[in-house]
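Have a look at the structure below before the remarks.
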Amino acid sequence: MFLQLSTWPEVEAYLKTSTACLIPIGSTEQHGPNGFIGTDALCPQLLAKGIAEETGCLVAPTLSIGMAQHHLGFAGSITLRPTTLIAVVQDVVNSLARHGFDRFYFLNGHGGNIASVTAAFSEIYAESSLGTADSNRQPLMCKLKNWWDVPSVGAISKRRFGGAEGSHATCSEVSLTYYGWPEHQKRVPLSPEIAPTGPIYDAADYRRRFPDGRIGSNPALASVEAGEELYKAAVKELSADYLGFARSGEQPL
Ligand code: NI
């Protein structure tokens, strides 16, 4: 069930069956010469569709722009400052909480979001702990799950791509988007085949260290077939993880 394709009476009816929802969150940033700029938003968005089919969960609109300051040396990249992303996550959660949602499962597609989204969760809990939350707001639980962090994805990636997987513009994420949008595949020669690795600082430094945008990967190995295998495995594991969170007997803190 997609929030954007639902009516408000349908959302009210959903809330009688579950107070949990799934929020895909990603980024709009370069992914090398053959990865889509939308990769980090498209991956969780695609997986959310499969998870919704498996679990019946409500999927909120994808938060497609994340914290990607280090990618601004490449055309097309867009960032929110960390403080802006924290505020966006707080406002989205508080808006949905007003309607009765109390469990928020953020399905993440971008490592650069982790620190800010985690900080946003702490801000949300602090509103309760410090007594500054709306007095009508119920206790809330938030979870951040990186889609690539399930064991089956790691195993498939290792078997198919080994040391060419990398950490940015990875073979796995590019494969997943090629599976979702096969008509947009790019076949571009990459040199060197496996990109360099190293630390991440600001945008100018990033471009110097990683001239074509990739880190440690050879996404020329990406394929629709690998993407399909990753999709099926990830949807299965993430659906179980979502349901565990949504149905948890634990009371929110
Ligand atoms: Ni990515």
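The values are calculated or read from the model by the stated rules, or taken from the named source; none is laboratory data. Keep in mind that what you see is a predicted model, and the values were worked out from it rather than measured. So basically every Cβ, Gly included, is an ideal-geometry build from the backbone, and we count neighbours across all protein chains shown. For accessibility, only protein heavy atoms count, side chains too; no ligands or nucleic acids. Shrake-Rupley method; radii C 1.70, N 1.55, O 1.52, S 1.80 Å.
Summary table
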item: Virtual paramagnetic centre 7 Å along Cα→Cβ of R159, amide N under 18 Å, in the stretch 193-226; result: 222-226
item: In nm, spacing of pseudo-spin labels at Y201 and K232 (7 Å Cα→C-beta vector); result: 4.6 nm
item: Loop-exposed trypsin sites (Lys or Arg not before Pro) per DSSP, neighbour cap 11 Cβ within 10 angstrom, longest uninterrupted part of the chain; result: 17-186
item: Computed lengthening from E123 to E53, 0.36 nm per intervening residue step minus Cα-Cα distance; result: 22.0 nm
item: Alpha-carbon centroid distance for the pair the stretch 195-233 / the stretch 99-174, whole angstrom; result: 20 Å
item: Sum of -39500 (n - 2.57) over DSSP H runs of 4+, divided by residues of the chain (222 nm, nearest 500); result: -14000 deg cm²/dmol
item: Projected-area average for the stretch 130-253 over all orientations - Cα convex hull basis, square nanometres; result: 11.5 nm²
item: Segment R209-R81, extension gain: residue separation times 0.36 nm, minus the distance between their alpha carbons; result: 43.9 nm
item: Rounded accessible area per residue of the stretch 3-246, 1.4 Å, Å²; result: 44 Å²
item: A240-K16 FRET efficiency (beta carbon distance; Förster radius 25 Å; 0.05 resolution); result: 0.60
item: Paramagnetic reach from S167 (point 7 Å along Cα→Cβ, amide N under 16 Å) across the stretch 93-131; result: 110-115
item: Accessible area of the stretch 3-246 belonging to carbon and sulfur atoms, whole % at 1.4 Å probe; result: 56 percent
item: Computed over the chain, the ratio Rg/Rh where both radii use C-alpha atoms and Rh is Kirkwood; result: 0.99
item: DSSP beta bridges in the chain [antiparallel fraction, %, rounded to 5]; result: 15 percent
